[in-house]
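Written out below as structure tokens is the structure these notes cover.
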Amino acid sequence: MNFKTPLLTLLLLGILSCKTEDRTTTMATSKNSVPLGIAYPVSNIAIDGRLEDWNAALPEYPITALLENEMDGTNDLSAVFRVGFSKKDNSVYIAVTVSDDNHQVDDDAGALTDNQDQCLLYVDKMHSPKGSGVNVYSFNELYKEIDDASTSWDPLVKNADWSTVEVASKRIDNKTNYEAMIRFDEPITPGKMLGLDFMIYDSDNPNLEEDITRISWRRSDGKTNVPFKLGNVLLSEEKVEIGTLQGYLKWKTDYLGLPINKIKVSSAKDPSYWVREDVDTTGFFDLNLPKGKYSIVPEWGIYNGEDQLHKIIKNPTQVEVKPNGVSEADVMIEVAQPLDLIPDKGILLTDTADPYGEIDAFINAYIDFYEIPGVSLAIIEDGKMSYHNTYGVENTFSNTPVTPQTIFEAASITKPVFAFTVMRLAEKGIIDLDKPLYQYLPFEEIEHDPRYQKITARMVLSHKTGFPNWRSGKMEILFDPGTAFGYSGEGFEYLKRVVEHITSKDIVTILNEETLQPLELNTIFFEKSDHLFKVVAHGHDDNYPHKVSLPNKAGMAWSMHTEAKSFSDFAIALLQRKGLKAQTYSDLFYKHTVTDKYEELNSEEWKSYFGLGLQIEKTPYGYTFGHGGNNGDFKCEFKVYEDLQKGFVVFTNGNTGGELAYKALERFLITGKSNFK
């Protein structure tokens, strides 16, 4: 269809408007469906907040997904949008009309604030199947701002500014128009899809937070960090006929049981033309698509079933969606055979011609199979670092490789470094490990439970406080302090505040004075800095990158950033008993708490304990010390076998990295198959 004849344009768009609006209305309100809009050619549009120059026959799409608070009715808040594109201008045009009976704009604020009416426009221009980034443009009649995207994984997104975007807003009677033009660097071609979404703020009373209502096109929060949470817009010069695709996602074998909850549907026309769709608990999917040929695969490449990661074989299912009807296609989930690379005896305990070459091959095989983005590894032998290497990428979108300078989140491996610092302070008499912490500094949020007055630094470091790992709502004590094991980050954060209070110093200064400088540790960070931002890796979920998120303030349960070579110096210092007195080290490594890690083995050879900030294990190869870390998108581990004088430090920047860090690497290097079940 050609849009050169105005009369024909109006007639056909009028027909399409009825069909498309009904279809997209259904998708916008469906729990499991990604909303789809169609952008048609437009011309001679001025970005001024007046919409008289918009073709009235263009389809309108309702913005109805309620994200926060209730509406009093359509008079309180309702919104629709239209979208078009111009090949001549190489731009996409967007018009949003918001109806509300109480419009709030603060002309005294001097900036755009959350308690004003405004429109947030989310744009994923590339819509890459690899997960391109999102820019957010916020504006109303008086102000505009662009979200800081400098931490994005996408180079195009992180450098975005207002030079390629024009916006305007105008209030007319009880309606507010928000208008935008977005210029593209590459020529716009029909058939391209882009990610698009909105968040409409409606503030009926700027002094009451509960009077702020937010609605969106797609029912999802977190749109800035996850481009898959946006709606989709298809650019087309011709009338788009839409059909329905239905089917089931099924296991080819039923031993895993549970369904994967998302599929990816991709068009043969354009790599940007894909949809990530939810699947319900029965495996059923139902979505509306323009007519055409598509391939369907399970979205996840790695599936966590029964505490074991499984590799999904993505054999595409081909289907043709026909207009004004239902096309059916079932997708079979097939699981690859697990890797079988663990030797009978650990590679570091055998006389192998090229052990480090075998280690490299092993790491690369795990990266490939389990879709682990990047790895930093150090091997310890004879009480020193014997090998160091980096693998993979720090960002799967840009494929920037991990280098020896790449920094990873260390997550809970922060805890042993803080514990060492506390032991240094204890040696100097600055803190008494057995004195109740409240006598140094009360903890107001738990004062309702007098049992907290029993808690000491020793209980914190050995995880016997009774605190939860992290609170959910009101702070509580789960068991009598000192009577059981209960892993707790909250305890470490309380002890951090105590240490800062009694030393009158910030915790980073204390860490430098008591640990980093005495042990000559380099390339270890606890708070954000310009340098850290330049060298830190991006975390990943299922091989899709996240924004960099650096701590504004150091947390002693989680905030350390480093890499394997640098951190191996700390592990070796512990092995060589540096920086503390012999008696202090005895206390540090004493088995203060029994854990249930090896309980199912029912073996006297394998036992797990906590010392003070360190996990201690009894194995057939002697005792070990170490700690793991898990911030979700970063997983890491260090472990040293004291009698063997061997160990490893490994950092990964993906949610599947635990399969390597927590399970396979230790078996490959030390225990092999024979002694570890």
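The values are calculated or read from the model by the stated rules, or taken from the named source; none is laboratory data. As the structure is a prediction and not an experimental result, all values here were calculated from the model. Glycine gets a Cβ as well: all are built from the backbone with ideal geometry, and neighbour counts include every protein chain shown. Surface areas here come from the heavy atoms of the whole protein model, side chains and all, with no ligands, DNA or RNA. Shrake-Rupley method; radii C 1.70, N 1.55, O 1.52, S 1.80 Å.
Between Leu142 and Asp506, what is the spin-label point distance in nm, taking each point 7 Å from the Cα along the Cα→C-beta axis?
Using points 7 Å along Cα→Cβ, the separation is 3.4 nm.
Per residue of segment 656-665, in order, report the coupling 6.51 cos²θ - 1.76 cosθ + 1.60 (Karplus, θ = phi - 60°) as ³J(HN,Hα) in whole Hz, putting x for Gly and Pro.
Per residue, the Karplus-derived 3J(HN,Hα) values read 8, x, x, 4, 7, 5, 8, 10, 6, 5 Hz.
Using a 1.4 Å probe, what is the accessible area per residue for the chain, in Å²?
Heavy-atom accessible area per residue stands at 42 Å².
Using only protein heavy atoms and a 1.4 Å probe, report how much of Trp300 is accessible, in Å² to the nearest 10.
40
At a 1.4 Å probe, what is the % contribution of carbon and sulfur to the accessible area of the chain?
Carbon-and-sulfur percentage of accessible area, whole number: 47.
With a 10 Å radius around each residue's Cβ, average the other Cβ atoms per peptide and rank 447-453, 421-427, highest first.
In decreasing order of mean packing, 447-453, 421-427 become 421-427, 447-453.
Residue by residue, what Karplus-based ³J(HN,Hα) values in Hz, rounded to whole numbers, does segment 338-348 have, using 6.51, -1.76 and 1.60 with θ = phi - 60° and x for Gly and Pro?
Listing the rounded values in order: x, 5, 10, 10, 7, x, 5, 10, x, 5, 7 Hz.
Can you tell me the equivalent ellipsoid semi-axes for segment 568-677? Use √(5λ) from the Cα gyration tensor, largest first, whole Å.
Ellipsoid half-lengths, sorted descending, are 22, 18, 14 Å.
Hey, could you get me the Stokes-Einstein D for segment 189-311, Kirkwood radius over alpha-carbon pairs, 4 °C and 1.567 mPa s, rounded to whole µm² s⁻¹?
For the chosen part, D equals 76 µm²/s.
What value, in deg cm²/dmol to 500, does the helix sum -39500 (n - 2.57) over DSSP H runs of n ≥ 4 give at 222 nm once divided by the residues of the chain?
-5000 deg cm²/dmol
Which of these values of mean projected area of the Cα convex hull in nm² was calculated from the structure shown: (i) 36.2; (ii) 30.3; (iii) 32.9?
The calculated read-out lines up with (iii).
Using a 10 Å cut-off on Cβ atoms, rank the peptides 579-588, 665-674, 545-554 from the highest mean neighbour count down.
665-674, 545-554, 579-588
Could you work out the relative contact order of segment 309-354, using alpha carbon pairs under 8 angstrom and six or more residues apart, expressed as a whole percent?
Contact order relative to length: 40 percent.
How much of the DSSP beta bridge set in the chain is antiparallel, as a percent to the nearest 5?
Counting DSSP beta bridges with both partners in the chain, the antiparallel share is about 90 percent.
Please list the non-local residues whose amide H lies under 5 Å from the amide H of Ile333, H modeled 1.01 Å from N, same-chain partners needing a gap of 5 or more.
Placed amide hydrogens put Lys250, Trp251, Lys252 under 5 Å from Ile333.
Once amide H atoms are placed 1.01 Å from N in the peptide plane, what residues at a sequence separation of 5 or more from Ser386, or on another chain, have their amide H within under 5 Å of its amide H?
Correct list: Ile379, Ile380, Glu381.
Please list, in chain and number order, the residues 5+ apart from Gly37 or on another chain whose amide H is under 5 Å from its amide H, with Hs placed from the backbone.
Asn232, Val233, Leu234
In whole Hz, with x marking every Gly and Pro, tabulate ³J(HN,Hα) for segment 217-229 from phi via Karplus 6.51 cos²θ - 1.76 cosθ + 1.60, θ = phi - 60°.
Those phi angles translate into 7, 9, 6, 7, 9, x, 5, 5, 8, 10, x, 6, 8 Hz.
How would you rank 514-522, 241-249, highest first, on the average number of other Cβ atoms within 10 Å across their residues?
With the highest mean Cβ count within 10 Å placed first, the list reads 241-249, 514-522.
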